[in-house]
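Values quoted throughout were computed directly from the atomic coordinates according to the rules given, and no laboratory measurement underlies them. Predicted, not measured: the structure shown is a model, and the values here were computed from it. Note that each Cβ is placed from the backbone with ideal geometry, even for glycine, and that neighbours are counted across all protein chains shown.
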Amino acid sequence: MKLLDKVVIITGSSMGIGEAIAEKFLIEGAKVVLNSRSQSRVDETVKRFIDQGFKSVIGIGADVSTESGAEKLVQGAVSSFGTVNILINNAGINRIAPSYELKVDEYKRVLDTNLAGYFITSKAVGNYFKDNNGGVIINIGSIFGQVFTGGRAAYSSTKSGLKGLTNVLAVEWAPDNIRVNQVAPGYIKTNLDELDQSDGGYSDEDIIRRTPMRRYGTAEEVANATAFLASDEASYITGTVITVDGGWTAFGGWS
Ligand code: NDP
């Protein structure tokens, strides 16, 4: 159990990749704080884990794009489990639209959640880490922070901005024993991907054909990389990114 008794906050973990990360961390012995904007949605996820026999799991409804939401997560983790050791910034939304038409308030809403939200939560938890012997932060990015296509001005602004945020915090907070890294997934079958397919006009077959490994990734594969970076096995790794994409970003060919 490489995360035994570590207390982890996983933002946006009522479903999808966040939920898979939570399951992996519970299997590895961690105590898990789940989160979504909705207390009832996160409570349903907590119940699924309790029904599977996991005990050390709670859910906190909080909007991570607000400072009050971030503080609520830190206070909830400390009051239930006594401390916080790991933060996974995972909550994310997308809005695919031609940039000529994308509404500015929609652009800002994506930035508020995927980028400002990651800073806000990192700041709240980072201050706790500074006063409590350090910790680990992992930001869930995307291949669309590294390679680009149309219709994703908001999403790619956040996911490429994350490289700067991750690396600045890694450098600035290293003396306080805080490691900060990024995991960048390729295409994973989740609710977000279903919405993106209808807004973005692509199909499963398009993704499978374009991916050198000829398949979608799984949320568990993203969770495995995240658990490694959070563990002491990665004790000298900070300011880096692990891309989990079946070769998507490596591919530069034409067929
Ligand atoms: P889902 O849509 O399946 O899940 C998103 C989660 O985030 C939900 O639990 C949602 O709950 C929560 N959430 C959204 N906004 C907020 C907020 N402001 N505060 C708190 N919670 C919030 O998405 P995925 O699991 O697919 O994506 C997770 C992360 O992985 C995102 O950062 C995404 O960009 C990234 N990613 C996903 C890929 C994919 O192919 N699926 C590929 C690359 C990266 P609620 O609505 O109840 O608040």
Exercise. Enumerate the residues in segment 148-174 having an amide nitrogen under 12 Å from the point lying 7 Å beyond the Cα of residue 202 toward its Cβ.
Key: 148-152
Exercise. Would you order 248, 254 from fewest to most other beta-carbon atoms within 10 Å of each residue's own beta-carbon?
Key: 254, 248
Quiz item: residue 143: net charge of surrounding residues, Cβ under 10 Å, Lys/Arg +1, Asp/Glu -1, itself excluded?
Solution: 0
Practice problem: Using amide H atoms built 1.01 Å from N in the peptide plane, name the residues 5+ places from residue 31, or on other chains, whose amide H lies under 5 Å from its own. | Solution: 5, 6, 7, 8
Quiz item: How large is Rg over Rh for the chain, taking Rg from the Cα atoms and Rh as the Kirkwood inverse mean of 1/r across Cα pairs?
Solution: 0.95
Quiz item: Could you give the angle, 0 to 90 degrees to the nearest 10, between helix 219-230's Cα long axis and the longest principal axis of the Cα atoms of the chain?
Solution: 50
Quiz item: Simple spin-label model, 7 Å along Cα-to-Cβ: residue 174 to residue 79 in nm?
Solution: 3.8
Quiz item: Rounded if a/c is under 1.5, else prolate if a/b beats b/c, else oblate: with a ≥ b ≥ c from the C-alpha gyration tensor eigenvalues square-rooted, which is segment 12-100?
Solution: prolate
Self-check item: Label-point gap, in nm, between residue 51 and residue 109 - each point 7 angstrom along Cα→Cβ
Solution: 3.1
Practice problem: Measure nothing but the geometry: give the 0 to 90° angle between the long axis through the Cα atoms of 117-131 and the longest principal axis through the Cα atoms of the chain, rounded to 10°. | Solution: 30
Quiz prompt | Residue-count net charge about residue 226 - beta-carbon cut-off 11 Å; Lys, Arg +1, Asp, Glu -1 | solution = -2
Practice problem: Taking 7 Å along the Cα-to-C-beta vector as the label spot, tell me the residue 240-residue 149 distance in nanometres, rounded to one decimal. | Solution: 2.9
